[in-house]
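A.B. asks: Let me give you the structure first, and then I'll get to my questions.
What follows draws every value from the coordinates through simple rules; no lab data is involved. What you are looking at is a predicted structure, and each value in this text was computed from that prediction instead of being measured. Please note: Cβ atoms are built from the backbone with ideal geometry, for glycine as well, and neighbour counts cover all protein chains shown.
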Amino acid sequence: MTQQFSTEWGGKTLTIETGKLAGQASGACTVRYGDTVVLATAVMSDNIREGIDFFPLIVDFEEKLYAAGKIKGSRFIKREGRPSDEAILTGRLVDRGMRPLFDDTLRNEVQLIMDALSFDGENDPDVLSIIAASCALNMSDIPWNGPIGGIRVGQIDGEWVINPSYEARLKSTLDLMISGTPEKIMMIEAGANQVSEETFLEALVFAQKHLRPVMELINEVRQKAGVPKRILKQDVDADPETSAADENEVVSKTRAYLAEKVSEVMFAKPLMTKADRKGAFTTLKTGLEEMFNKENIGKDRRKAAFTMFKKIVEEFITEKIIKDGRRLDGRALTEIRPLTSEVAVLPRTHGSGLFSRGETQVLSVATLGSPGMEQTLEGIEGDSKKRYMHHYNFPPFSVGETGPMRGPGRREIGHGALAEKALVPVLPSKEEFPYTVRVVSEVLSSNGSSSMGSTCGSTLALMDAGVPIKAPVAGIAMGLASDKNGDWKVITDLQDLEDGPGGMDFKIAGTETGITAIQMDTKTLGLTPDILKQTFNQARDARLQILKVMASAIGEVRRELSQYAPRIIAFKIPIDKIREVIGPGGKIINGIIAETGVQIDIEQDGMVSVTSVNAEGLDKAVQMIKDIIRTVEPGEIFEGTVVRIEDFGAFVQVLPNQDGLVHVSEMDWERVRHPSDLVKLGDKVKVIVREIDEKGRINLSMRQLKPQPEGWTPPPPMPRGPGGFGGPRRGPNGPGGRGGRPRY
């Protein structure tokens, strides 16, 4: 039975509809806001997936061009292909809020799919995807500790705005998205124009307050259209000796053993490296196996213990952090690992930066290109261009492992997008710096927040490349140690085993002035305002410390570009002259490119960008274009080329596509019987512009640039010949042709 549920939210109607579409899914609903509609489906498999030690959750956002009334631009492929980066990022956005609310011991596959069915160009499907996924899960039989809501908040002219339109977001000082409840926050994704921590805290409070109507609507759907939650089948071991009670007993023995040994093995001395911590972890595991052997606990019975082993160790590490303020490597809770920064590490690149924080090491390389190298994006939100791109690579050797080298995965795309978002607010405008800029961050070693390392490395590379950024940007990952009793401690510069149950990964990037990007996800049931405030304060202190180290490597943007970077000269031409520069079928512009070796980009507003690594070719091309569009003025002097000869004079090209006539009487102070007596095709001659007549024709003179002979008097008119004015006939009827009056 189809049912609709609506509420007023942010000045518009939010509508959830159930029972009409996707009836065989465990849970399904559509969410409509304006004319944007998203369908979410939730399905859980009946069987447990054997042999895995993680919860198999799959979250996908499907972006279909028909939603916006578009057909794919490719001539040969009209079907949507692999997900766009935007679609992947939306899927990750939903995943990060939903995942912590599942029981992490669940091993049944759960899949969430959000389909954008209709898009109105105003209301973003990202927020609707969070709401729809939450509602579909909440009304289904899938065990889940939700629901949560999603909201986007902007600040325009000092006023908070709920779910601003695309146009309004361009005027906003920040773009904040959260998922959570009015009490706790599960996920944060934000970009900002150097906004203060205090303003962000205000934005989070405002966002949570306006989640209430969404939560009430989702709960109403559950009450009227939901089904009872499924009782999961337990994974009963085939060994008849094994029972739930026996498993609990073995786990209890494991917990008792680790309670005694964790402090001894992992906190006796600082474990400075990842290898040290891995070795200590292995020592604990080996000791546990020896204990099981002594007590004759067989392989099947110890299975549950080893499944819980890592989680129990992390719980004890968390306990040490909360109670004693002790970390595995001996650092204080607010202390950052050793930092190093370096620039110009590669000889032929346009800019490079090497940033290290502890064992996390990132090499970022900046490349400058012409405006024509901008990336064209095609999606339901419309076609657009991107002039700054950040790409992030995470090879297996960075964590000491082997693995296939394929294209970027969802994690790589997400981390790259975060570092890109952090730098966008400080980039110069296209008018200030017309280059297309690409930065690639190569993670060479990873142990804690390589995405924030990429942000720092990108700043170094951009400054080394001479990109005039407004301010350096640094980033830090903040962690959390919390327990079931509500005790917690925020930790600065998160790494490996510190990210256990009750933890968070809270990444904050920004300048000395304020925040430019945030990404947060958690392993808790949500973060409280007190935790958020403490995190912001510690993160700011850490960010300022990192910025100082970066400044020691490069204090300001280089004033000169690399000698290997292309140079760009940009200028505007009248819009009505664009066609003249391009020429029929691109003949003129392609001729300039072929002759000078440059790249030329012309925008619809008349902005011309000429790019080349060759200074001589660059200057020549710019002059050729300016010559095409310039207006010839009387009195100007040119060295032109003779392009045509007639009986009455010679035509001389003074500028590209602009010829003028040197009448035979203006070629010399002495009488010239025929122009070919003085010039030949292709000759270079010096001419002055006598006048531009009423029809726009250019009349030139050669003789006015020559000294006038002493005592010169105008020659008498040539006698009329048999053929008329101008002397004897020529050619068939005389030496000059058909005779008669010369043709002007």
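A.B. asks: Considering only the other residues whose Cβ falls under 13 Å of the Cβ of residue 213, what net charge follows from Lys and Arg at +1 and Asp and Glu at -1?
C.D. replies: So the surrounding residues net to 0.
A.B. asks: With 19 Å as the limit, write out which pairs from 587/620; 386/548; 20/70; 620/706 have Cα-Cα distances beyond it, or answer none.
C.D. replies: Too far apart for the 19 Å limit: 386/548; 20/70; 620/706.
A.B. asks: How do 90, 455 line up, fewest other C-beta atoms within 10 Å first?
C.D. replies: Going from sparsest to densest Cβ surroundings: 90, 455.
A.B. asks: Return 546, 531, 575 ranked ascending by Cβ neighbour count within 10 Å, so the fewest neighbours appear first.
C.D. replies: Ascending number of Cβ neighbours within 10 Å: 575, 531, 546.
A.B. asks: Could you work out how far helix 85-98 tilts from the main Cα principal axis of the chain, as a 0 to 90 degree angle to the nearest 10?
C.D. replies: For 85-98 against the chain, the angle is about 20 degrees.
A.B. asks: In µm²/s, what is D for the stretch 560-604 at 4 °C and 1.567 mPa s, where D = kT/(6 pi eta Rh) by Stokes-Einstein and Rh is the Kirkwood radius from Cα pairs?
C.D. replies: 107
A.B. asks: Quantify how much of the Cα-Cα distance distribution of the stretch 247-324 extends past 15 Å, in percent.
C.D. replies: Every Cα pair in the stretch 247-324 considered, those over 15 Å come to 55 percent.
A.B. asks: Could I ask something else about it? Only four residue types carry charge here, +1 at the Cβ of Lys and Arg and -1 at the Cβ of Asp and Glu. Report the dipole size of the chain about the Cα centre in Debye, rounded to the nearest 20.
C.D. replies: Charge dipole, the chain, about its Cα centre: 2220 debye, nearest 20.
A.B. asks: What number, rounded to the nearest 500 deg cm²/dmol, is the helix-based mean residue ellipticity at 222 nm of the chain, given -39500 (n - 2.57) per DSSP H run of at least four residues and division by all its residues?
C.D. replies: Here the helix-only value at 222 nm equals -9500 deg cm²/dmol.
A.B. asks: For the stretch 339-553, I need the span (max minus min coordinate) of the C-alpha atoms along each principal axis, in Å, sorted largest to smallest.
C.D. replies: Each principal axis gives a Cα extent; for the stretch 339-553 these are 58, 44, 41 Å.
A.B. asks: Among 186, 598, 340, whose Cα lies farthest out toward the positive end of the dipole of the chain, if unit charges sit on the beta carbon of Lys, Arg (+1) and Asp, Glu (-1)?
C.D. replies: The residue sitting farthest along the positive end of the dipole is 598.
A.B. asks: Taking the Cα centre of the chain as the origin and placing charges on Cβ (Lys, Arg +1; Asp, Glu -1), which of 714, 1, 614 is farthest toward the positive end of the dipole?
C.D. replies: Most positive-ward Cα: 714.
A.B. asks: Across all directions of projection, what mean area in square nanometres is found for the Cα convex hull of the chain?
C.D. replies: Average of the hull's projected areas for the chain equals 45.3 nm².
A.B. asks: Mind listing which chymotrypsin sites (Phe, Trp or Tyr not before Pro) in the stretch 531-571 are in a DSSP loop and have 13 or fewer other Cβ atoms within 10 Å?
C.D. replies: Sparse-neighbourhood loop chymotrypsin sites (Phe, Trp or Tyr not before Pro): 564.
A.B. asks: For helix 410-423, what angle does its Cα long axis make with the longest principal axis of the chain, in degrees from 0 to 90 and rounded to 10?
C.D. replies: Helix 410-423 sits roughly 60 degrees off the main axis of the chain.
A.B. asks: For 669, 160, which order do you get if you count the other beta carbons within 10 Å of each Cβ and list the fewest first?
C.D. replies: Fewest-to-most Cβ neighbours within 10 Å comes out as 669, 160.
A.B. asks: Read phi for every residue in the stretch 533-543 and hand back ³J(HN,Hα) as whole Hz from Karplus 6.51 cos²θ - 1.76 cosθ + 1.60, θ = phi - 60°, with x for Gly and Pro.
C.D. replies: Along the stretch 533-543, the couplings run 5, 5, 5, 4, 5, 5, 5, 5, 4, 5, 4 Hz.
A.B. asks: Suppose every Lys and Arg Cβ carries +1 and every Asp and Glu Cβ carries -1, with no other charges. What dipole size does the stretch 637-713 come out with about its Cα centre, to the nearest 20 debye?
C.D. replies: It works out to roughly 120 debye.
A.B. asks: Given a cut-off of 27 Å, name the pairs among 184/311; 430/626; 430/507; 261/303 whose C-alpha atoms lie farther apart than that in the structure shown.
C.D. replies: 430/507
A.B. asks: Continuing with the same structure: Check the straight Cα-Cα distances from residue 299 and name the aspartates and glutamates below 15 Å, setting aside those fewer than 8 residues away within the same chain.
C.D. replies: Cα-Cα hits under 15 Å: 237, 239, 241, 246, 247, 249, 289, 290.
A.B. asks: Label point 7 Å out from residue 684 along Cα-to-Cβ: which residues of the stretch 642-662 have amide N under 18 Å?
C.D. replies: Only 642-644, 652-657 pass the distance filter.
A.B. asks: Against the longest principal axis of the chain, how steep is helix 274-294, in degrees 0 to 90 to the nearest 10, with axes from Cα atoms?
C.D. replies: For helix 274-294, the angle is close to 30 degrees.
A.B. asks: Now for a different question. Determine the principal axes of the Cα atoms in the stretch 478-602, then give the extent along each, sorted from largest to smallest and rounded to whole angstroms.
C.D. replies: Extents along the principal axes: 77, 34, 27 Å.
A.B. asks: Spelling out what I want: for every residue of the stretch 489-499, take phi, set θ = phi - 60°, compute 6.51 cos²θ - 1.76 cosθ + 1.60 (Karplus), and round to whole Hz; glycine and proline get x.
C.D. replies: Each residue of the stretch 489-499 in turn: 9, 8, 10, 8, 6, 5, 8, 3, 5, 6, 9 Hz.
A.B. asks: Okay, moving on. Taking just the alpha-carbon atoms of the stretch 545-663, what radius of gyration and Dmax come out, in angstrom?
C.D. replies: 20.5, 82
A.B. asks: Could you point to the residue in 27, 660, 480 farthest towards the positive end of the chain's charge dipole, with +1 and -1 charges on the Cβ of Lys/Arg and Asp/Glu respectively?
C.D. replies: The listed residue farthest towards the positive side: 660.
A.B. asks: For the stretch 270-286 and the stretch 629-707, what is the separation of their C-alpha centers, rounded to whole Å?
C.D. replies: Value for the Cα centre distance between the two parts: 88 Å.
A.B. asks: Compute the separation of the alpha-carbon centres of the stretch 433-502 and the stretch 338-401 and state it in Å as a whole number.
C.D. replies: That distance is 13 Å.
A.B. asks: In square nanometres, what is the average projected area of the Cα convex hull of the stretch 1-96?
C.D. replies: 9.5
A.B. asks: Need one number: nm distance between label points at residue 78 and residue 556, each 7 Å from Cα along Cα→Cβ, rounded to one decimal.
C.D. replies: Going by the 7 Å Cα→Cβ label model, 5.8 nm.
A.B. asks: Also, I was wondering about something else. About its Cα centre, what dipole magnitude does the stretch 339-553 give when the only charges are +1 on Lys and Arg Cβ and -1 on Asp and Glu Cβ, stated in debye to the nearest 20?
C.D. replies: Its charge dipole is roughly 300 debye.
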